[in-house]
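Peer 1: Structure below; questions to follow.
The values are calculated or read from the model by the stated rules, or taken from the named source; none is laboratory data. The structure presented is a predicted model; accordingly, all values stated were derived computationally and were not measured. Cβ coordinates were reconstructed from backbone atoms using ideal geometry, including for glycine residues, and neighbour counts include every protein chain displayed.
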Amino acid sequence: MRPTELREHLTRLEWTGKLERHIPETSPAMPWAHVISILPFVFYGAIFVHMLRLVLAAAEAQKAGGLPRPPDAELLWLLVLIVLSQIARFGSGLVRTREESIGHRLRRKGKLLPAAIVQANSNYYAPGNVDPWPGALLVSFDPKASESPERLDAVARDLARLKHADRSQLPPAHAAVAWWLFHEMAPVESIAIPPELSHGLTECQLSAATLRPDDYEHDGRLWVLALRKNRSPLAVATIPAKLHALAPVPWLRAFFWRWIVCTS
């Protein structure tokens, strides 16, 4: 699957509610947003029952020769249930944690970008490795990087050499990048690459990421989802290759599902 096709596929998976199970792979201890997203069903059921009661009461009143108009209190309860259903429908986004919000934006707004591995745990390259390992990725939001991903490799090689340079002899911006690579702590916020180190590419950054042997690649190149102008380590994620075979539910069914439970 080509990158353009993959991004469309990921968008459809997100629309049908399947992508959040895989990007990110970790889940919060108590997903309040998911809990609240179920509440509209409860309120819709209550609205249906209440309206049925109003219809039956109106029919009885009409048979008795009275007015079929329901009492004001019953109409008020119906209005309250409708308001609560809409609050529950759109309110789950208000209780997302910071991590959930970043993941939500990453899946919906993230750019599919080529990446170059600057460094990775040595176990990642071990024959037969099937486990995830931490690493550092170079990505660029410059369109030239997506058109010619090989340009990232030259930058990545220079950055890898910078790790062992004498930081006291480097300009402050270069020393910050060298220290970021040297201490190998993760997860840490992404760091911007100074223009003089980016070989003509703009908006380059180093990002901590979890690397897996089965991550999506195209023509031998790792591709990732990334959020522009967001330095959080959660704003860059590799893409499990198994998502290729994950089929979204039909569009029509997805539309009605999202109409009920989706949030902004």
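Peer 1: Quick one: what pairs do we get from region 219-236, first residue touching a residue at least 60 places away in the same chain (Cβ under 8 Å), second assigned to a loop (DSSP other than H, G, I, E, B) and small (Gly, Ala, Ser), C-beta under 6 Å, 6+ apart or different chains?
Peer 2: Pairs found: 225/110; 226/110; 227/110.
Peer 1: Just one of (1) among the acidic types (Asp, Glu); (2) surrounded by 14 or more Cβ atoms within 10 Å (Cβ to Cβ); (3) within 25 Å of residue 12 (Cβ to Cβ) trips up residue 214, so point out which.
Peer 2: All conditions are met except number (2).
Peer 1: Let me ask you something else. Of all residues in region 150-170, count the ones that are in contact (Cβ under 8 Å) with a residue 24 or more places away in the chain and touching a helix residue (DSSP H, G or I) at 6+ places or on another chain (Cβ under 9 Å). Outline the logic, then answer.
Peer 2: Looking only at region 150-170, we keep the residues that are in contact (Cβ under 8 Å) with a residue 24 or more places away in the chain, and these are 151-156, 158-160, 162-163.
So of that shortlist, the ones also touching a helix residue (DSSP H, G or I) at 6+ places or on another chain (Cβ under 9 Å) come out as 151-152, 155, 158-160, 162-163.
Adding up the residues that qualify gives 8.
Conditions (1) touching a strand residue (DSSP E or B) at 6+ places or on another chain (Cβ under 7 Å); (2) more than 30 Å from residue 3 (Cα to Cα), marked per residue:
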| site | (1), (2) |
| --- | --- |
| 54 | no, yes |
| 77 | no, yes |
| 84 | no, yes |
| 107 | no, no |
| 140 | yes, no |
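Peer 1: Mind listing whichever residues of region 137-152 are surrounded by 14 or more Cβ atoms within 10 Å (Cβ to Cβ) and over 25 Å from the mean Cα position of the chain (by Cα)?
Peer 2: Of everything in region 137-152, just one residue is surrounded by 14 or more Cβ atoms within 10 Å (Cβ to Cβ) and over 25 Å from the mean Cα position of the chain (by Cα), namely 151.
Peer 1: Shifting gears a bit: Picking from 74, 147, 60, which residue would you name as being assigned by TED's automatic domain parsing to the domain that holds residue 178 and free of Cβ contacts under 8 Å to residues at least 60 places away in the same chain?
Peer 2: 147
Peer 1: Here is a follow-up. Limited to region 171-215, what total is found for residues that are free of Cβ contacts under 8 Å to residues at least 60 places away in the same chain and either of a type in the set (Val, Ile, Thr) or not assigned by TED's automatic domain parsing to the domain that holds residue 114 (or both)?
Peer 2: The qualifying residues number 4.
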